[in-house]
1. If I go through segment 43-87 residue by residue, how many of them are part of a loop (DSSP other than H, G, I, E, B) and buried (at least 17 other Cβ atoms within 10 Å of the Cβ)?
2. Cβ-Cβ under 9 Å, sequence separation 6+ or interchain: first residue in segment 93-118 and more than 15 Å from Leu203 (Cβ to Cβ), partner of a type in the set (Asp, Glu). Which pairs?
3. Got a sec? Which of Ile155, Ile190, Ile182, Ile186 is in contact (Cβ under 8 Å) with a residue 24 or more places away in the chain, more than 18 Å from Leu114 (Cβ to Cβ) and surrounded by fewer than 22 Cβ atoms within 10 Å (Cβ to Cβ)?
4. Residue check: is Ser225 closer than 24 Å to Leu97 by Cα, in the same structural domain as Gly91 (by TED's automatic domain parsing), free of Cβ contacts under 8 Å to residues at least 40 places away in the same chain and not in a helix (DSSP H, G or I)?
5. Out of the residues in segment 113-152 that are of a type in the set (S, T, N, Q) and touching a helix residue (DSSP H, G or I) at 6+ places or on another chain (Cβ under 8 Å), which is nearest to Ile182 (Cα to Cα)?
6. Scanning segment 97-114 for residues that are of a type outside the set (Ser, Thr, Tyr) and in contact with a Ser or Thr (Cβ under 9 Å, 6 or more places away or on another chain), which turns out surrounded by the most Cβ atoms within 10 Å (Cβ to Cβ)?
7. Report, ordered by the first and then the second residue, all pairs with beta carbons closer than 8 Å, sequence separation of six or more or different chains, a first member in segment 1-18 that is within 27 Å of Ile160 (Cβ to Cβ) and assigned to a strand (DSSP E or B), and a second member that is at pLDDT 85 or above and of a type in the set (Asp, Glu).
Amino acid sequence: MNPVLYEFGNIEIRWYSVLILIGIVLGFTLAIIEGKRKNIDKDIIFDMGFYIVLFGIIGARLYYCLFNYSIYKDNLLEMLKIWNGGLAIHGGIIAGLLTIIIYSKKKKIPTLQLTDIVAPSLILAQAIGRWGNFFNSEAHGPATSMAFLKSLKIIPNFVIKGMNIEGIYYHPTFYYESLWCIAGFILLIIIRKLIKNLKNGELTCIYLIWYSIGRFFIETLRTDSLMINKFKVAQLISIGIIIISIIIFIIIKIHNPKEEIKEEDKIEKQDKPKEKKNKKKDKKKTKKEEPKEDNKKEIKKDEDKKEEKPKKKKKEESKEIESKEKKEETKDTKSKKK
């Protein structure tokens, strides 16, 4: 396969770099969408993603170069040529995780919440980035036959043709891993949508366990593995990640992470002053209502007084009329006597 997509004079645009870039863009997009769903500002996700990509690539390259130091010791500048391949995903994961931990502490956001946002994006980017190995004719398995590859019925013809390197067919281990990552991505998305009460960190553990299981078995076929004595580094790291992830997953299931507890405490603390304010408001209202009742009593008294006044007037008028009548009667009696 031709690793160069396009040439501008002495400048080459390679498939490896383009595919990594596509994976990064898609990963950013997914992370921003998920961050919005979890009420995390897109600027925070973008900033974090920038640092993850930067230090992730540096970590992946350093990891690869350290275990292949014999190749680069005579020309250290060759370490900078990442477009030629040579990025170890485990180095990228370790560097990316450290970046998230530091960034989350700075922004005071739960670390495991951020890793859950990033996990589906990362495994999708891995699935896409693996195709860079195809164009570089690297990260393949042992020699095999075209008939065997066709008998598997899951490998496209163009991949089989591309695995014909200098007249020999090889196992497309990059393709197996890409399929495994796509399946993992779909699994993570389904879990995230169907399980509503997922705790922070559970999705991250599922990602790490899923990827590491696949990587362990695929690594048995790889012919270019990083080695420590007779052991393949990727297999040792995968076993360690699986064990640690299972332990963390069980701890999360049994007990909420401290970050979640802190969040709940914050919510309670925020609610308490609100309750106090509401109580104060209620007291003020009752105080305001009390004088209103007194006013009502006063109004009733005034009304009673108003009602009494016409009654008194009527009584006085009736008395005057009676006194006039009496006077007239006395006059009449006097006149009769005369």
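The values are calculated or read from the model by the stated rules, or taken from the named source; none is laboratory data. Since the structure is predicted, the reported quantities are computational estimates derived from the model, not experimental observations. Quick reminder, even Gly has a Cβ in these numbers, built from the backbone with ideal geometry, and neighbours come from all protein chains shown.
1. Result for segment 43-87: 3.
2. Tyr103/Asp47; Ser104/Glu259; Lys107/Asp47; Ile109/Glu259
3. Values: Ile155 fails: in contact (Cβ under 8 Å) with a residue 24 or more places away in the chain; Ile190 fails: in contact (Cβ under 8 Å) with a residue 24 or more places away in the chain; Ile186 fails: in contact (Cβ under 8 Å) with a residue 24 or more places away in the chain.
Testing whether each residue is in contact (Cβ under 8 Å) with a residue 24 or more places away in the chain, more than 18 Å from Leu114 (Cβ to Cβ) and surrounded by fewer than 22 Cβ atoms within 10 Å (Cβ to Cβ) leaves just Ile182.
4. Taking the combined requirement at face value, the residue satisfies it.
5. Once the filter is applied, the top-ranked residue is Gln126.
6. Initial filter on segment 97-114 (of a type outside the set (Ser, Thr, Tyr)): 97-98, 100-102, 105-110, 112-114.
Checking the rest, the ones that are also in contact with a Ser or Thr (Cβ under 9 Å, 6 or more places away or on another chain) come to 97, 100-101, 105, 110, 112-114.
Numbers: Leu97: 18, Ile100: 23, Ile101: 13, Lys105: 10, Pro110: 17, Leu112: 23, Gln113: 22, Leu114: 26.
So the residue we want is Leu114.
7. Pairs found: Val4/Glu12; Tyr6/Glu12; Ile13/Glu7.
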